Structure formats: C-alpha cells, structure tokens
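For reference, the structure discussed in these notes is given below.
The values are calculated or read from the model by the stated rules, or taken from the named source; none is laboratory data. This structure is a prediction, so every number in the text was calculated from the model and none was measured. Cβ atoms come from the backbone with ideal geometry, glycine included; neighbour counts cover every protein chain shown. Accessible surface areas use protein heavy atoms only, side chains included; no ligands, DNA or RNA. Shrake-Rupley method; radii C 1.70, N 1.55, O 1.52, S 1.80 Å.
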Amino acid sequence: MTTTTVNPVLRVAPAAPAEAAAHFRAGLAFHTDVSDVAAALGAGGDPGFVLVDSRSTEAWDQGHIPGALHLPTALVPEQAGQLLDRSVPVVTYCWGPGCNGAARAAFALAELGYRVKEMFGGFEYWVREGLAFETWQGRERRAPDPLTAPMDAADCGC
C-alpha cells in the first residue's frame, strides 16, 4: 500500500489562474501599501486621493504622515461630510498590521458613499521604511528597517 503525503501548502489546491487573477484584482481594489502611497505623495501635485489617519488624537500627536487628514474612526459618521469630497477616493491608515482601525474607518466611509482603500502596514511601516513623518515638534525620519525597506528596491520584488 502506497501512501501519498500532501504537504500543507498544497492540501488545498491552488485556484485556477483566472480565478486567482479575479481574487487578486479585487484585493487591489480595496488595499494599497506604504510604498505606493509614498510614491504617489512624493510625485508632486495632486495624488488623486485623500490620506486619512483614523487613529486617536494622542496617536496623531506622536506622529503622522505628512499631508494626512486626521479623522478618528469614531468621528467618521459626524465629520466626514464636512472634511471629505465624495468624488475623491480616500485611503485610510492606522497604527499597523496589528490594528484594524483603518479597516473600520474604510468600512464607515464606504457606508457613507466614499470610494476607499486601506493602506496595509499603517503608520508603523511608514516609519519602518524610513519615510518622513510629522509630530507636534516637526518632521522626523528614522533609519529604514532593512527587513521592510531593502537597500535595493528591486530586492523586494515590488
């Protein structure tokens, strides 16, 4: 009797290419990442979206992405209409991968009729990639973490 062992990765077979393409295309409609947001903001001119920091005032004061709009998740229902234009897409962020505040803010904004994406990595990865951020004391920048910001951008395959 021959027993075939299937490794844990292939225990459930990969999706068909067309199915996989549809899945990943859908994911990209809902998410972006720190590198893409930084590139869009750094290109000069209007990036075509508004970046919203959904964290608390205390977190905002500790540091936030330059040019971001501060709109804590709890205040989205009452303040979004005065602060945001429904014709302009919104990108939300919070602390980082261990926080779902950006997803909750994106959900609240989508329910109000905004086109929205969530920025994966949040403020944590913005800082870890060595990008400039603002505090009440001014602009700061930390050395990039080599695990999140390879010295050669080609190394990450992005």
If you fit an axis through the alpha-carbon atoms of helix 17-30 and take the longest principal axis of the Cα set of the chain, what angle between them do you get, 0 to 90°, nearest 10?
10
In what sequence, largest accessible area first, do W126, W136 appear using a 1.4 Å probe?
W136, W126
Among [x] 18.7, 72; [y] 15.8, 47; [z] 16.2, 52, the entry derived from the coordinates for Rg and Dmax of the Cα atoms in Å
[x]
Residues with amide H under 5 Å from that of V116, placed H, sequence gap 5 or more:
V90
List every residue whose amide H lies under 5 Å from the amide H of L69, counting only residues 5 or more places away in sequence or on a different chain, with H placed 1.01 Å from N in the peptide plane.
L51, V52, D53
Computed for the chain: size of charge dipole around the Cα centre, +1 on C-beta of each Lys and Arg, -1 on C-beta of each Asp and Glu, debye to nearest 20, value 320
For labels at V6 and W136 in the simple 7 Å Cα→Cβ model, what's the distance in nm?
5.7
Run through all the Cα pairs of region 1-63 and give the fraction in each 5 Å bin from 0, expressed as whole percent.
3, 11, 11, 13, 14, 11, 8, 9, 8, 4, 2, 2, 1, 0
What is the angle, in °, between the Cα long axis of helix 101-111 and the longest principal axis of the Cα atoms in the chain? Nearest 10 is fine, range 0 to 90.
80
